[in-house]
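These notes are about the structure you will find just below.
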Amino acid sequence: LNAGFGPSKTRCLINDKVIHYDFDDYVQVIQSSKTPDVPSGNAFVVKNNTILTWDSNNCTKVTVYFSTVWSSKSWLKGAIEKGAFDGVVETTRVMNL
């Protein structure tokens, strides 16, 4: 974890749900991630909506939408949302290499 507070490593509880699965059309997966052992970790869930479609030259187009869903207040909200955004960007970048 790249933050000035909390642990340097933590467990991450991930749940993937396939919403649509048709290679001739598109594939859509919604992922929910929880990190209960970080500060305010029980107050939020990061949700990623990943859609895979065909693109030109027989390539795959990857579209990712994400949100941080809050169940209670936290004074760390700004830092958590920035960290979640940075994590999604980096994961998507690595996936597209």
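In the chain, the longest principal axis of the Cα atoms and the axis of helix 77-95 are about 30 degrees apart.
Highest average first, the peptides 22-29, 48-55 ordered by how many other beta carbon atoms sit within 10 Å of their residues are 48-55, 22-29. Across the chain, the relative contact order, built from alpha-carbon pairs under 8 Å that are at least six residues apart, equals 19 percent. Rolling a 1.4 Å probe over the protein heavy atoms gives the chain an accessible area of 72 Å² per residue. Calculate the tail of P(r) for the chain: the fraction of all Cα-Cα distances greater than 25 Å, expressed in %. The proportion of pairs with Cα distances above 25 Å equals 26 percent. Annotation: amide H-H contacts under 5 Å for TRP54 (H modelled 1.01 Å from N, sequence separation of 5 or more, or interchain): LYS61. Each Lys and Arg adds +1 at its Cβ and each Asp and Glu adds -1 at its Cβ; summed about the Cα centre, the chain shows a dipole of about 520 debye.
The values are calculated or read from the model by the stated rules, or taken from the named source; none is laboratory data. Treat the numbers as computed from the prediction; the structure is a model and nothing was measured. Quick reminder, even Gly has a Cβ in these numbers, built from the backbone with ideal geometry, and neighbours come from all protein chains shown. Note: areas computed on protein heavy atoms with side chains; ligands, DNA, RNA excluded. Shrake-Rupley method; radii C 1.70, N 1.55, O 1.52, S 1.80 Å.
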